[in-house]
């Protein structure tokens with residue numbers, strides 16, 4: 001039995017993480033912590049846990065004194081908040097999975113450029129493994145510090161990996177058009193997330209400046225073994241959860257759609273949570289699950305491959321993938337506590 005703690009449990013990703021871990025037979029939740037709700041019972045904040053989970057949130061200031069009680073710390077905090085507690089955890093042999101952005105980028109200068117805060121983890125950055133499970137499974141199983149990927153990068157990279165590995169696209173032509181539900185903006189109050197502001201509308205945001213851009217470029221560059229610069233545009237959709245990522249790239253040569261589909265099927269044939277479909281993916285078929293649905297189309301007229309990828313941003317894009325990584329780190333069955341399909345309708 002492994003003991004875990006969750007820092008940032010009252011955010012959307014944190015509460016999703018807690019909900020999944022409650023069903024894990026090899027995990028004991030030792031403590032949960034919150035910056036905003038210290039001293040409150042968790043079920044008073046999320047009433048779906050009423051009579052099912054009675055732990056009280058400790059304040060974030062008390063996390064350090066409780067580290068010695070656990071084997072792994074999940075951190076679900078905004079960027080810039082994970083550095084200090086991660087160092088303290090690693091120093092005493094506690095593993096860390098950071099659901100935030102603080103350890104996703106290999107170069108701290110790029111982090112500071114895009115996130116506009118000082119990088120305070122230079123001495124431990126080299127220990128971090130990028131936690132896209134299907135890409136770095138072996139490294140994850142041996143690591144003590146996992147940088148859980150962003151939701152947009154997860155959906156986008158899973159759609160790009162087979163194309164990059166087979167070198168069948170012009171990497172200078174990649175365009176990613178992605179759309180996310182409102183939960184991706186987090187639980188803190190914001191005018192842009194109010195129902196009257198986002199309902200009955202769709203909008204692009206952070207055009208050319210979204211912080212997930214260098215993360216996608218970094219990992220895509222590692223796969224293709226060359227520097228990649230791509231265009232990424234996110235959109236906000238008036239739904240609670242889900243991401244649909246549409247990836248466009250020019251083909252290096254004429255290649256049939258069925259041949260590209262076979263490449264995807266071969267790449268992901270042993271991956272439980274990747275489903276290559278004939279039908280176009282929809283977020284409703286992955287909502288609440290850890291699945292990523294992918295389909296491929298080729299526009300022969302423009303010699304363009306189009307990959308459509310759908311995930312739940314709070315599951316495969318956050319908490320579900322974090323548990324998938326935890327299972328690897330502890331040698332558990334990889335699918336434990338996340339092996340279920342979406343609920344519909």
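What FRET efficiency, computed as 1/(1 + (r/R0)^6) with R0 = 22 Å and r the Cβ-Cβ distance, is obtained for residue 1 and residue 270, rounded to the nearest 0.05? Approximately 0.15, to the nearest 0.05.
With angles folded into 0 to 90 degrees, how steeply does helix 213-224 sit against the dominant principal axis of the chain? Use alpha carbons for both and round to 10. The two axes meet at around 60 degrees.
Neighbour counting of Cβ atoms within 10 Å sorts the residues 57, 196, 151, fewest neighbours leading, into 196, 57, 151.
For the chain, modelled as a GNM whose springs connect Cα atoms under 10 angstrom apart, the maximal fluctuation among 134, 107, 61 occurs at 61.
Computed from label points 7 Å out along Cα-Cβ, the spacing between residue 201 and residue 142 is 5.0 nm. For the pair residue 108 and residue 43, label points projected 7 Å from Cα toward Cβ lie 4.4 nm apart. Among (1) 33, 22, 20; (2) 33, 25, 20; (3) 34, 29, 17, which is the computed semi-axes √(5λ) of the Cα gyration tensor in Å? The value matching this structure is (1).
Ranked by how many other Cβ atoms sit within 10 Å of their own Cβ, fewest first, the residues 278, 71 fall in the order 278, 71.
Per the helix-only calculation at 222 nm, which mean residue ellipticity applies to the chain, given -39500 (n - 2.57) for every DSSP H run of n ≥ 4 and division by its residues, nearest 500 deg cm²/dmol? About -8000 deg cm²/dmol.
If you look at the Cα atoms of the range 152-313, you get an Rg and a Dmax of 15.9, 49 Å.
Counting neighbouring Cβ atoms within 10 Å and putting the fewest first, the residues 195, 239, 329, 315 line up as 195, 239, 329, 315. If you fit an axis through the alpha-carbon atoms of helix 320-330 and take the longest principal axis of the Cα set of the chain, what angle between them do you get, 0 to 90°, nearest 10? Roughly 70 degrees, rounded to the nearest 10. With respect to the chain, whose longest principal axis is taken over its alpha-carbon atoms, helix 151-165 is tilted by about 40°. Compared with the direct C-alpha span, the chain from residue 53 to residue 225 gains 57.2 nm at full extension, assuming 0.36 nm per residue. Using all pairs of distinct alpha-carbon atoms, the Kirkwood hydrodynamic radius of the range 58-170 works out to 15.2 angstrom.
If each residue of separation counts as 0.36 nm, what is the full-extension length gain between residue 65 and residue 297 once their alpha-carbon separation is subtracted?
Numbers: separation 232, 0.36 × 232 = 83.52 nm, distance 5.32 nm.
Length gained between residue 65 and residue 297: 78.2 nm.
Evaluate E = 1/(1 + (r/R0)^6) for residue 166 and residue 233, where r is the Cβ-Cβ distance and R0 equals 30 Å; express this FRET efficiency to the nearest 0.05.
Details: r = 25 Å, r/R0 = 0.85.
Result of the calculation: an efficiency of 0.75.
One Cα centroid belongs to the range 1-49, the other to the range 282-335; the line between them spans 24 Å. Cα centroid distance between the range 66-140 and the range 141-184, in Å? Each part reduced to its Cα centre gives a spacing of 19 Å.
Each value in this text was obtained by applying a stated rule to the coordinates, not by laboratory testing. Quick caveat, the model's predicted, so the values are computed rather than measured. Using ideal geometry, Cβ is built from the backbone for each residue, glycine included, and neighbour counts are taken over all protein chains shown.
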